[in-house]
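The values are calculated or read from the model by the stated rules, or taken from the named source; none is laboratory data. Keep in mind that what you see is a predicted model, and the values were worked out from it rather than measured. Counting neighbours? That spans all protein chains shown, and the Cβs are built from the backbone with ideal geometry, glycine included.
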Amino acid sequence: MRFAGKVAIVTGGGSGIGKATARRLAAEGAAVVVADLDPRDTADLVVKDGGAASSFALDVSDEAAVRALAESVRAEHGRLDVLHNNAAALGRDVYGRDLDLADLDVAVWDRTHEVSVRGAMLTCKHLVPLMSKGAAIVNTTSVSALVGDTDHAAYGAAKAALISFTRYVATMYGDRGVRCNAVAPGLVMTDVARRVMTPEMLAEKAAERLLPWAAEPEDIAALVAFLASEEARCVTGQTVVIDCGTTVHRPEHA
Ligand code: NAD
């Protein structure tokens, strides 16, 4: 029960990694606010699990909406201990094609950055004032920020900016005892990933990993919970890769 009596916000908590984190933090005692374009059934699920949760529907790139989230958390709880900035989507899947640069619509580039980078900036801007000594922020970035690929440059560049932003936030608020770290997952077997990945794509990903298993959303949630907890009180400004060993070796060792 590392989060007993604490208050947490999970953006993008409506599904996938955010949903798993919301459930994990609540299972360890936190009152969780699930903040998402579509918070769906996560809060109900947490309550069914025996935890405490509420929903807040918002677009994290909208400053007025984020300000309203902060006002709501201040009125309801008066404090914030954990912020998981996790909302985002692969540009190629949601906002439009994020493939070859020649075909890249500038609107896709902008929207991808708006959600990942502006969204995290806005939540930190409006929610850090509710935080005090011992509070922690965890940003979800991606291995796409660390290695190149032949597609989704907008996504990779936005996630790389989030790594830099993580260091700035850690530096700005370290003296207040507020930490900020990032997790960088490789492929995670969310419902969306299971739906869109073909057997060939899954086999290709399996061949890239050092470990004979793939990451589930609960694996990322466990790392987020560790980084958000008092156990990680000396860790700040870091990006922790969680990719089953995909990015640490030369291709011939796969
Ligand atoms: P997901 O689509 O299951 O969940 C993302 C959630 O974010 C959705 O519920 C969606 O409604 C919400 N969201 C999107 N845009 C939003 C906005 N503007 N405002 C508020 N909420 C918004 O995806 P996921 O795979 O669980 O992704 C979670 C995070 O993990 C993302 O930041 C993603 O980039 C990152 N990530 C995922 C993988 C993977 O393989 N699944 C790998 C690396 C990084």
Q. So which pairs qualify, if the first residue must be in the range 177-191 and more than 10 Å from the ligand (Cβ to nearest atom), the second must be in a loop (DSSP other than H, G, I, E, B) and polar (S, T, N, Q), the Cβ gap must be under 7 Å, and the two must be at least 6 apart or on different chains?
A. 179/236; 180/236; 181/236; 181/238; 182/141
Q) Restricting attention to the range 109-132, does a residue exist that is among the polar types (S, T, N, Q), assigned to a helix (DSSP H, G or I) and at pLDDT below 95? A) yes
(Q) Kindly evaluate residue 84 against the criterion of being away from the ligand (no atom under 14 Å from the Cβ) and at negative phi. (A) no
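Got at least one residue in the range 134-141 being closer than 26 Å to residue 23 by Cβ and part of a helix (DSSP H, G or I)?
Just the residues of the range 134-141 that are closer than 26 Å to residue 23 by Cβ, to begin with: 134-141.
Now restrict to residues that are part of a helix (DSSP H, G or I): none.
The answer is no; no qualifying residue exists.
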Q) So which pairs qualify, if the first residue must be in the range 142-158 and of a type in the set (Gly, Ala, Ser) and more than 9 Å from the ligand (Cβ to nearest atom), the second must be in a loop (DSSP other than H, G, I, E, B) and at pLDDT below 95, the Cβ gap must be under 6 Å, and the two must be at least 6 apart or on different chains? A) 154/98
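Suppose the filter is assigned to a loop (DSSP other than H, G, I, E, B), over 28 Å from residue 168 (Cα atoms) and either out of contact with any Gly (no Cβ under 9 Å at 6 or more places or on another chain) or of a type outside the set (A, V, I, L, M) (or both); does residue 23 pass it? Don't jump to the end; show me each part of the working.
Working: assigned to a loop (DSSP other than H, G, I, E, B): no; over 28 Å from residue 168 (Cα atoms): yes; either out of contact with any Gly (no Cβ under 9 Å at 6 or more places or on another chain) or of a type outside the set (A, V, I, L, M) (or both): yes.
So residue 23 does not fit the description; no.
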Q: Tell me, yes or no, whether the range 128-141 has at least one residue that is of a type in the set (Ser, Thr, Tyr), touching a residue at least 12 places away in the same chain (Cβ under 8 Å), touching a Pro at 6+ places or on another chain (Cβ under 9 Å) and buried (at least 22 other Cβ atoms within 10 Å of the Cβ).
A: yes
Q. Considering only residues of the range 1-28 that are within 11 Å of the ligand (Cβ to nearest atom) and small (Gly, Ala, Ser), which is surrounded by the most Cβ atoms within 10 Å (Cβ to Cβ)?
A. 22
Q) Within the range 89-101, is even one residue modelled with pLDDT of 95 or more, out of contact with any Asp or Glu (no Cβ under 9 Å at 6 or more places or on another chain) and more than 8 Å from the ligand (Cβ to nearest atom)? A) no
Q: Check off (1) surrounded by fewer than 20 Cβ atoms within 10 Å (Cβ to Cβ); (2) assigned to a helix (DSSP H, G or I); (3) among the basic types (Lys, Arg) for residue 40 and give me the number that stays unchecked.
A: (2)
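Are there helices (runs of 4 or more DSSP H) fully within the range 172-254 with at least 1 residues that are modelled with pLDDT under 95 and under 16 Å from the mean Cα position of the chain (by Cα)? List them. Let's see the steps before the verdict.
Details: elements: 191-196, 199-208, 217-228.
Where helices (runs of 4 or more DSSP H) fall fully within the range 172-254 and carry at least 1 residues being modelled with pLDDT under 95 and under 16 Å from the mean Cα position of the chain (by Cα), they are 191-196.
Report yes if residue 107 is within 15 Å of the ligand (Cβ to nearest atom), within 29 Å of residue 186 (Cβ to Cβ), among the hydrophobic types (A, V, I, L, M, F, W, C) and exposed (fewer than 15 other Cβ atoms within 10 Å of the Cβ), otherwise no.
Yes: the conditions hold for residue 107.
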Q: Those residues that are more than 16 Å from the chain's Cα centre (by Cα), hydrophobic (A, V, I, L, M, F, W, C) and surrounded by 15 or more Cβ atoms within 10 Å (Cβ to Cβ), I need them from the range 67-88; list them, please.
A: 69, 70, 73, 80
Q. Out of the range 16-41, which residues are more than 16 Å from residue 77 (Cβ to Cβ) and at pLDDT 95 or above?
A. 16, 17, 18, 19, 20, 21, 23, 24, 27, 28, 36, 37
